[in-house]
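Comments concern the structure below.
The values are calculated or read from the model by the stated rules, or taken from the named source; none is laboratory data. In this text the structure is predicted, and so the values were computed from the model without any measurement. Don't worry about glycine lacking a Cβ; one is built from the backbone with ideal geometry, like all the others, and counts go over all protein chains shown.
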Amino acid sequence: MGLLQYGIVALVAGLTTLALTPVVRVIGIRWGIVSRPGGRHVHKGVIPRIGGVAMFIGFGVAVLVEYIGEHYWGWQPALTRLGKPAVGVLLGIVIVFVIGMLDDILDLKPGQKFLGQLAAAGVVIAFGVKIAFISNPFGGGLILLGVLAYPITLFWIVGFANVINLIDGLDGLAAGVTAIASMSFLLLAVQSNVFAAGALAAALIGACLGFLRYNFHPASIFMGDSGALFLGFTLACISLLGVMKSVAAITLVIPLLIIGVPIFDTFSAIIRRSRHGQPIQVADKGHIHHRLLGRGFNQRQTVLIIYVWSIALAFGGYSTRWAPPVIRLITLVALAVLSGLMAYWLGLFEAAHHDDE
């Protein structure tokens, strides 16, 4: 019943997003909520940027179907079993989506957007979702984080939200990477019996795949901050629901590997800007996708290369869950070396042009 249940949830999210995206596209054009070429943007022409609305609604309808199925159709309890934390996660997702939507329409100041993300993450934590402990990798047993659980969990959620936002620079990139990560989280959730994480991951997969029909190159609509922040925030919550059910220290590493490409991109951007005396918050054209385009790859090729890289890291993260320690270590080292070579080849740590150059 479990796999069928997840399949129905993903299908509902996908079909709803697929049906609503053209409607949202028309609204975006009519209301002037569009992205124009120039700066970091590599697209041509004026394209609506509120596709996140269709994804959010598709996800929401799928979650509603999940609730109905659990109450009336004899589905395996997932969100109802989780109880209060599920309510907190869904409330947080709504808040961060609204913040992203306001930014798409009104262009919020960075500080305002950041405060909104903190508020959304705070709601999730207040409802009991947090990293309360980790296993001691040296002496065994548990390390209780105590009051540190709150800032660590806050950083985890807001960090996830922003790394997905940062890679949303090419047609189909953020949606595809999120779909790959969600599939990995779904597999882990099924095998770890974390049913709520599985249901949310299935809904996210459907929303991403439904949106990709219109967002893959050449895109006719962008997801905007309403979509990118929603995707990253939801991934963070799904990963936390899995982490909460395990005491293995490696469990914290798995989600980081699964979204390794955007994390690596963000990390390299921080180092690059620091090395060259540039403000960390000032955007440039040094991200992975910009570098690949500079190497002569077209948009589709660039996105597919990053998909393959993401799949490799996700597979590595998935396999370390049950692998013996030696294999686990070899896998992590191999992935780190390959990613380092990729960074060197692309020149990710070298100076890059700013948006206005």
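For LEU90, the criteria (1) modelled with pLDDT of 95 or more; (2) on the phi > 0 side of the Ramachandran plot hold in every case but one, which is (2).
Just a yes or no: is a residue in the stretch 172-184 of a type outside the set (Ser, Thr, Tyr), within 20 Å of THR234 (Cβ to Cβ), part of a helix (DSSP H, G or I) and in contact with a Cys (Cβ under 6 Å, 6 or more places away or on another chain)? Within the stretch 172-184, one or more residues are of a type outside the set (Ser, Thr, Tyr), within 20 Å of THR234 (Cβ to Cβ), part of a helix (DSSP H, G or I) and in contact with a Cys (Cβ under 6 Å, 6 or more places away or on another chain). Of all residues in the stretch 323-343, those satisfying the criterion of being in a helix (DSSP H, G or I) and more than 17 Å from ILE306 (Cβ to Cβ) are PRO325, VAL326, ILE327, ARG328, LEU329, ILE330, THR331, LEU332, VAL333, ALA334, ALA336, VAL337.
Among residues of the stretch 78-87 being over 18 Å from PHE233 (Cα atoms) and crowded, with 22+ Cβ neighbours inside 10 Å, the one that is modelled with the highest pLDDT is ALA78.
The residue list LEU118, LEU64, LEU108 contains one member that is surrounded by fewer than 20 Cβ atoms within 10 Å (Cβ to Cβ), within 19 Å of the chain's Cα centre (by Cα) and not small (Gly, Ala, Ser), which is LEU118. GLY347 passes every criterion in (1) in contact with a Lys or Arg (Cβ under 9 Å, 6 or more places away or on another chain); (2) at pLDDT 80 or above; (3) within 25 Å of ALA175 (Cβ to Cβ) apart from (3). Under 24 Å from the mean Cα position of the chain (by Cα), at pLDDT 95 or above and closer than 20 Å to PRO218 by Cβ, is that true of LEU11? No: the conditions fail for LEU11. Set side by side, the residues GLY242, GLY296, GLY317, GLY286 differ, and just one is modelled with pLDDT under 85 and over 25 Å from ALA121 (Cα atoms), which is GLY286. None of GLY32, GLY51, GLY45 is at pLDDT 95 or above and not aromatic (Phe, Trp, Tyr) except GLY51.
If we scan the stretch 130-147, do we find a residue that is out of contact with any strand residue (DSSP E or B) (no Cβ under 6 Å at 6 or more places or on another chain), assigned to a helix (DSSP H, G or I) and either modelled with pLDDT under 95 or over 30 Å from ILE50 (Cβ atoms) (or both)? Scanning the stretch 130-147 turns up at least one residue that is out of contact with any strand residue (DSSP E or B) (no Cβ under 6 Å at 6 or more places or on another chain), assigned to a helix (DSSP H, G or I) and either modelled with pLDDT under 95 or over 30 Å from ILE50 (Cβ atoms) (or both).
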